[in-house]
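Input: a single structure, listed below in structure tokens.
The values are calculated or read from the model by the stated rules, or taken from the named source; none is laboratory data. In this text the structure is predicted, and so the values were computed from the model without any measurement. Here Cβ is always computed from backbone atoms with ideal geometry, including for glycine, and neighbour counts include all displayed protein chains.
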Amino acid sequence: MVYDEVGSRELEYELSEGSKVRDLLSVILVAYPVLREMIYDENGGFRDYLEVAVNRVSVMGLDNELKDDDFVQIMPPIGGG
């Protein structure tokens, strides 16, 4: 679904020093505003069922500071059984 809107599985951005995950999301949403409803709920809160990972390690919240060459993933829940 995101691929259909973005046309790619990965995006690359340069952010200023001290930027956080939430800053990256803001930059992405400027380029792809259609993703807003997928990432944030109607009250502007980050959808709690999404998982954020930095360098393939799950993080809590959006205030983790990013460093050069960090790899950030925003993933939907994965079910199985």
Here's a check for you: in region 6-22, which residue that is in contact (Cβ under 8 Å) with a residue 40 or more places away in the chain and of a type outside the set (Gly, Ala, Ser) is nearest to Val59 (Cα to Cα)? Val21
Going by the structure shown, is Met1 within 21 Å of Gly79 (Cβ to Cβ), modelled with pLDDT under 90 and among the hydrophobic types (A, V, I, L, M, F, W, C)? yes
